[in-house]
């Protein structure tokens, strides 16, 4: 995804100003594609020059609302249907995990506990939001249905990350003196199971 296609997708819903679009990013898209106010205004200018959006109206305090053009709608549809998906993934939490060996044990446990609480809390909030859509509180339009699909993905990702943080806390691999000997332990367990109990 690129910021320009995210903006085109939002403008396909109807005219909006830079402020409106910034708010929509903060409320819905910021978890998957963060965008700051200056970035959005800069991209809107580029989209207008490219003929993908145009001015819809002028409001107080130099507020400008934009609407998508036919060319812009064709472009966002082309991106959705034809452009190969970029599966690159950046996440601060997982980057840090590669360097857990540099942390003190108590600091690591605290950090993992914080991550677990965050992902559980966020997944819960998303689940509540999904429930309101399932009850029809947001209508039944195609846009609402697509948003419900996206929310479910976010729920499952955050639940999976909560499960990862819980596993990391419970496994405590950084303090496990037997780490790396799983094969030996498994072989020992198999051998023990195959032995007849004493006295037989």
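Taking the Cα atoms of segment 1-83, the ratio Rg/Rh between the radius of gyration and the Kirkwood radius comes to 0.94.
Once both axes come from the Cα atoms, what is the angle between helix 142-171 and the longest principal axis of the chain, in degrees from 0 to 90, rounded to 10? So the helix axis and the longest Cα principal axis differ by about 30 degrees. Kirkwood analysis of the chain, using all unique Cα-Cα pairs, places the hydrodynamic radius at 21.1 Å. Cβ crowding within 10 Å ranks 87, 58, 5, 37 as 87, 58, 37, 5, fewest other Cβ atoms first. Here the contact order of segment 3-82, divided by its residue count and restricted to Cα pairs under 8 Å and six or more residues apart, works out to 38 percent.
Summary of the geometry: segment 159-174 and segment 64-90, compared by the centres of their Cα atoms, lie 37 Å apart. Secondary-structure-derived ellipticity at 222 nm for the chain, considering helices only, amounts to -20000 deg cm²/dmol, per-run term -39500 (n - 2.57) for DSSP H runs with n ≥ 4.
With a simple spin-label model that places each label point 7 Å from the Cα along the Cα-to-Cβ direction, the separation between residue 166 and residue 146 comes to 3.4 nm. Relative to the first principal axis of the alpha-carbon coordinates of the chain, what is the inclination of helix 182-194, with its axis defined by its Cα atoms, in degrees from 0 to 90 and to the nearest 10? Relative to the chain, helix 182-194 is tipped by roughly 50 degrees.
Please compute the contact order of the chain in relative form: average sequence separation of alpha-carbon pairs under 8 Å and at least six residues apart, divided by the residue count, as a percent. Kindly include the intermediate steps, with their values, before the conclusion.
Numbers: 144 pairs, mean separation 33.4, N = 200.
Once divided by the residue count of the chain, the mean separation gives 17 percent.
How large is log10 of I(q)/I(0) for segment 84-189 at q = 0.09, 0.11, 0.13, 0.19 Å⁻¹ when the intensity is taken from the Debye formula with one equal scatterer per alpha-carbon? Calculated log10 I(q)/I(0) at the listed q: -0.38, -0.53, -0.67, -1.00.
Read-outs throughout are calculated quantities, based only on the coordinates presented, and are distinct from any laboratory measurement. Please read all numbers here as calculations on a predicted model, not as lab measurements. Here the Cβ is made from the backbone with ideal geometry for all residues, glycine too, and neighbour counts use every protein chain on show.
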